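To start, the structure under review is shown below, and the notes come after it.
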Amino acid sequence: MTTPQTTSHQQLRRIAGQLIMVRFPGTELDAATAAFLKANAIRAVCLFRGNMRDSAQLGRLTAELREVMGADSLIAIDQEGGAVVRSTWVPAPPAAMGLGAADDSDLAYRTGAAVARAVKSLGFNWNFAPVLDLNNNPHNPVIAERSFGAEPRRAAELGMAWMAGSQAEGVACCVKHFPGHGDTHVDSHRDLPTVDKPLAELEQFEFAPFRMAAPTAPAMMTAHIVYPSLDADNPATMSRRILHDLLREQWQYRGIIITDGMDMHAIAGRYGVGKAAVRALQAGADMVMALGTSATQEETLDAIAHALADGTLQLDDMNERLGRLAALAQAYPCRPRAYTEDLGDRVLMAEGWRRALSAKGAPRRPARDAKLRLVVRQDVVSDGVSEAGVPAEVVADSLRRLYDVELVTYADAEAFDWSALPQDGRYTVLASTSRLRYGEHARATWRPDLHLALWNPYQALDFAAPALITYGFATPALDAVNAWLAGQLEAKGRVPVPGFD
């Protein structure tokens, strides 16, 4: 029998390579990256916006990855919907909270299936969605519209319907971020959050959707968050009490446990990527998302290999995890399919955006011959989690299909002087095109006639103005706004979190 003592460091690195997921830059698989994947038996990659140009290029890239990594490849993407999508040219799915506002499990199922059809055609077999976090904190900087809502059972039902649709089309899901990222005011990409609640409250709220999904979810992604009532010393990603004792033993979860990105500052900046990877595997994770750079990936491989060699990680335990990962790849083989449903899926996604459209404060449509002044942010860069927001000119051009529109942009909301706008009778529309909540100055002094909350629904709470809430800024969201303005659509969605009644 092979033991760590009789296995070379390179052989142990090849075991480690099967336990990690990597990323790489660029839109082509260069020779050095291909050699790295082969040498270390890596079978899992996650692709991001920077890896993608169009369907033809992406199809070639995923085909090359399958050839290099083999039949049990796991090629992953974050295609949640709303602002968190990577393939931006396929039919644009509504955000989870938009589906929560529509409150229709069948629509959620059909949306999950349509997302899967698109990503499977591009060569993916694993989608890091849906989000099962309950957004019960209006100041959460990273979840917001990514959540189906605040009520545990309904959020779980909608998320599980979305997941069932995806899996019916042959794409594995990964629910996230276990055991709950909703009630934080810190983004774990930047720091280490804490959710300091009694265990009974966690079980009633944060844990509930994940526990409901545990019998059917193929995979769960861990949260880089400390839950002191369970483990005051370790974030969930590195907590055996949470991953093994709670999820694996108490809940009898049999799917894959994968970490969130270990390059995130909550982990890398505090523990070091190599040590953290070993601790995550000790805690019960099956796969470590070793994103970051080639240097941090090398560090991760070496750290896991050394831990196998000295017995910190037991080879039998790791082989059990490799078996689960192989079973996932075999249940959801990485076989692209032709995508013939693009037009029909665009109609379906438009239905979702239209049914999501929600109103706050009884907004009134401007007269058909009204002249509008549109106030909107200049800067729409990506925050690293979501895609870049909609440019100001795009919003203006959309509204110009109905109105004479004067565009006014600002760089800093806290420095923008609303009182300097001309008092010339123009109907003033504020369009919010970032996830960030507004600061004290804007909340106290801005007075739009209508607020278009085109991303984070909680921004509608920042002003007393009537608002239309879309939960995202994709083209069908702007089309839904125009349909409402033209009197062709009523905003029947209901924001599925407290504070909007």
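The values are calculated or read from the model by the stated rules, or taken from the named source; none is laboratory data. Given the structure is predicted, the values throughout are model-derived calculations rather than measurements. Heads up, the Cβs are rebuilt from the backbone with ideal geometry, glycines too, and the neighbour counts pull from every protein chain shown.
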Can you confirm whether Arg346 is more than 21 Å from the chain's Cα centre (by Cα) and over 30 Å from Asp449 (Cβ atoms)?
no
Yes or no: the range 356-379 includes at least one residue that is modelled with pLDDT of 95 or more, under 25 Å from Ile143 (Cβ atoms) and in a loop (DSSP other than H, G, I, E, B).
yes
Taking the options Gly323, Gly352, name whichever one is part of a helix (DSSP H, G or I) and surrounded by fewer than 16 Cβ atoms within 10 Å (Cβ to Cβ).
Gly323
Qualifying positions in the range 380-393 - in a loop (DSSP other than H, G, I, E, B) and hydrophobic (A, V, I, L, M, F, W, C):
Val380, Val381, Val385, Ala388, Val390
When (1) out of contact with any Gly (no Cβ under 7 Å at 6 or more places or on another chain); (2) assigned to a helix (DSSP H, G or I) are applied to Leu301, the one that fails is (1)
From the list Ala129, Ala116, exactly one residue is free of Cβ contacts under 8 Å to residues at least 60 places away in the same chain and either within 15 Å of Asn456 (Cβ to Cβ) or not in a helix (DSSP H, G or I) (or both). Which is it?
Ala129
Within the range 40-73, the residues that are buried (at least 17 other Cβ atoms within 10 Å of the Cβ), in contact (Cβ under 8 Å) with a residue 60 or more places away in the chain and out of contact with any Cys (no Cβ under 7 Å at 6 or more places or on another chain) are Asn40, Arg43, Ala44, Cys46, Leu47, Ser55, Leu58, Leu61, Thr62, Asp72
Within the range 230-253, does at least one residue satisfy the condition of being of a type in the set (A, V, I, L, M, F, W, C) and within 18 Å of Asn40 (Cα to Cα)?
no
Quick one: would you say Ser434 is modelled with pLDDT under 95, under 28 Å from Ile143 (Cβ atoms) and touching a Gly at 6+ places or on another chain (Cβ under 8 Å)?
yes
Residues located in the range 305-320, provided they are assigned to a loop (DSSP other than H, G, I, E, B) and either free of Cβ contacts under 8 Å to residues at least 60 places away in the same chain or closer than 16 Å to Ala280 by Cα (or both)
Gly311, Thr312, Leu313, Gln314
